[in-house]
Every structure is written in C-alpha cells, then in structure tokens.
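**Q** The structure's right below; bear with me while I get my questions together.
The values are calculated or read from the model by the stated rules, or taken from the named source; none is laboratory data. If you're wondering where the values come from, they're calculated on a predicted model, not measured in any experiment. Note: ideal-geometry Cβ built from the backbone for every residue, glycine included; neighbour counts use all protein chains shown. Note: areas computed on protein heavy atoms with side chains; ligands, DNA, RNA excluded. Shrake-Rupley method; radii C 1.70, N 1.55, O 1.52, S 1.80 Å.
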Amino acid sequence: MDCPSPNLRDVASAWPSRLAKARLFRCSKCYTTETLQRLGVRTIIDLREHAQHPTEDAFCGQGKRMHFDLLRGCVKLRILGAMNFCTRLKLACAFPFVCLCREGGIRRMAAESLVDNAEAAAERGESGCGQEVLYRALLDGGGAILADALRLLTVRENLPALVHCEHGKDRTGLFVMLVLLICGCPLEHIVEDYKKSAAELQSCRTTNMNGEWYLRGFEGEMQPWMLSDKMIKTPPLWMQNTLHYLQNRYGSHDAFVAQLGLSSEELVQIRANMTDELDDDDTVQLHSANQ
C-alpha cells in the first residue's frame, strides 16, 4: 500500500489543546497533488537547497511555493568548521573518490559522518557533536532566512501552509521548533513531535527487488542511502540538546526568537494565526497594531 505523503502531519498535533488545526502541516518532499488539494494548502514553504527543489513556483494552480535555502554557503562553512579535525581530514582525503565513485558523493559522506559523530558523542555523554552541529549552524547562520520563512505565517491568507525539506525532519524540524516556541509550546511537546519523524518515515519505506530502500508510492524520489536507519533517525536527545544550546547561548528561547529579526507585532500575528487564542498582552498589542 502506498503512503500518500510520508511524514505528513498537522503541526497542531504537537500541542492540540492550544494550536488550531489545519494551519500548518509538515511533511517530507514526497507528497501528491491530491494531498495538497485535500488539505487546502495555499503555501508551500520549501527549505531545500536550490539544487534539490523543482524550478516551478506554482502548484496545482491554487497557491504558491516559496523557497528558502537554509544550507547556503556560509552555513555549510559553519558546519565544516564545527566538525572535529578527524572528520574534516576524512572528508578531505576521501573527496576525489566519493565524488566520482560513491552514490550520493560527498553529500552522503558528510551526512553519514554527522550522524556517526552524534551517536559516538551520545555514548560519551557529550553534546554539540554530529547532527547537532548541523542544527546549531542552521540556527546561528540561517536566522535571517528562517525569519523570512516564518513571516509567511503572519498572513492568514497564506494558510494552510505546508513546510518541508527532504525527509521533513531536520530543517523542517527546526522550523517547526521555532513556530512552537513562538506559540509558547511546552518543550517536552516539541521534543515529542520531533521524535515522531523517524517512525513516520520507517512506516512508509520498503525495499525493491535489489534490496534498496524507497518510500512506497515514491520510488526513485529519494536515494536509497537517505532512507537507511542511520539517516532517518530522530532521537529525542538531539532536539533536547538543541533547545539547551539556545538557552545557554542566547539566554533564553525567547531571546533567540527575538534576535531573528521578527518584530513583536509579527510574533503576535503568528501566535494569532496558529492558535486563535491570545493572552491579554498579545490581544492588546495586536489591536494596537491594527489601528
């Protein structure tokens, strides 16, 4: 049986007692026109690199697709700089071979090295290694792009929106984390929502006759190595450590959100569109902004 849209879920499921349903959906890059129409999606927020996304800017004739490349050059340099010396040396020595001979090339080797480092760090009780390097680099170096993407949620006419990257778990996971932080979501709910992606992807994958992984209904859409157990995992510790990092580096989660460049009115508008329930201070501020 095919999976209409692997790793698709309503962000409201992370905090159903407060968030309004059908305002923001998250997904992998694999979804169908029928799914978009069924959900009434008006805006697609595509967080992939330019080389990864299609060239068209419209979909289904019913909305818009907006691209936000979170892995631009300066962020990649941050990731490389944060890797330990052994990993950088390994990538440098293997560069000619993997570019020519290995499926996925240097991108695959770098991605798998990050995950390997994260697992080794977890065993040692350390944080800030492996995949967390990617998350920190995206947050520290991609703030302006994240802010531009988040601004789409300030306009009610853009909703429902669907946000995705490749798997819908890393870049998408950080974007959703910020939305939930802006809405005041408890941290344990943010971690729980992040953790769901591995199980969602695992439930939609299978192997072909050659023993290669693919997503049911989307064979050929994602390279088999990207669907290995290693590449689809979302252990809670990675998100917990990322939240701790923001707290320690910026003083608080609110302080990090504030330095993204979103105005207080924009933050209130995001909360208004995502929750339909504002506290007294937000209500007054929103009313004043609309005068």
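**Q** Which residue, of THR207, THR154, is in contact with a helix residue (DSSP H, G or I) (Cβ under 8 Å, 6 or more places away or on another chain) and among the β-branched types (Val, Ile, Thr)?
**A** THR154
**Q** Can you give me the number of residues within region 149-186 that are outside any helix (DSSP H, G or I), small (Gly, Ala, Ser) and surrounded by 20 or more Cβ atoms within 10 Å (Cβ to Cβ)? Walk me through how you get there before you give the answer.
**A** We begin by selecting, within region 149-186, every residue outside any helix (DSSP H, G or I); these are 155, 159-170, 183-186.
After this cut, where a residue has to be small (Gly, Ala, Ser) as well, the list is 161, 168, 184.
Now drop any that are not surrounded by 20 or more Cβ atoms within 10 Å (Cβ to Cβ), which leaves 161, 168.
Number of matching residues: 2.
**Q** Can you pull out every residue in region 232-245 that is of a type outside the set (A, V, I, L, M, F, W, C), closer than 9 Å to GLU132 by Cβ and open to solvent by less than 30 Å² (accessible area, probe 1.4 Å)? Don't jump to the end; show me each part of the working.
**A** We begin by selecting, within region 232-245, every residue of a type outside the set (A, V, I, L, M, F, W, C); these are 233-236, 240-242, 244-245.
Keeping just the survivors that are closer than 9 Å to GLU132 by Cβ gives 241-242, 245.
Matches in region 232-245: ASN241, THR242.
**Q** Right, another one. Can you run down the residue pairs with Cβ atoms below 8 Å, 6 or more apart or on separate chains, where the first is in region 246-270 and closer than 23 Å to GLU132 by Cβ and the partner is of a type in the set (D, E, K, R) and surrounded by fewer than 16 Cβ atoms within 10 Å (Cβ to Cβ)?
**A** What qualifies is PHE256/ARG249.
**Q** Turning to a different aspect of this structure: Being acidic (Asp, Glu) and open to solvent by less than 70 Å² (accessible area, probe 1.4 Å) is the filter here; which residues of region 187-225 pass it? So that I can check it myself, show each step before the final result.
**A** Filtering region 187-225 for residues acidic (Asp, Glu) gives 188, 192-193, 200, 212, 219, 221.
Passing the criteria: ASP193, GLU200.
**Q** Could I ask something else about it? Scan region 3-52 for residues that are at negative phi, open to solvent by 10 Å² or more (accessible area, probe 1.4 Å), in contact with a strand residue (DSSP E or B) (Cβ under 8 Å, 6 or more places away or on another chain) and assigned to a loop (DSSP other than H, G, I, E, B) and report the count.
**A** 10
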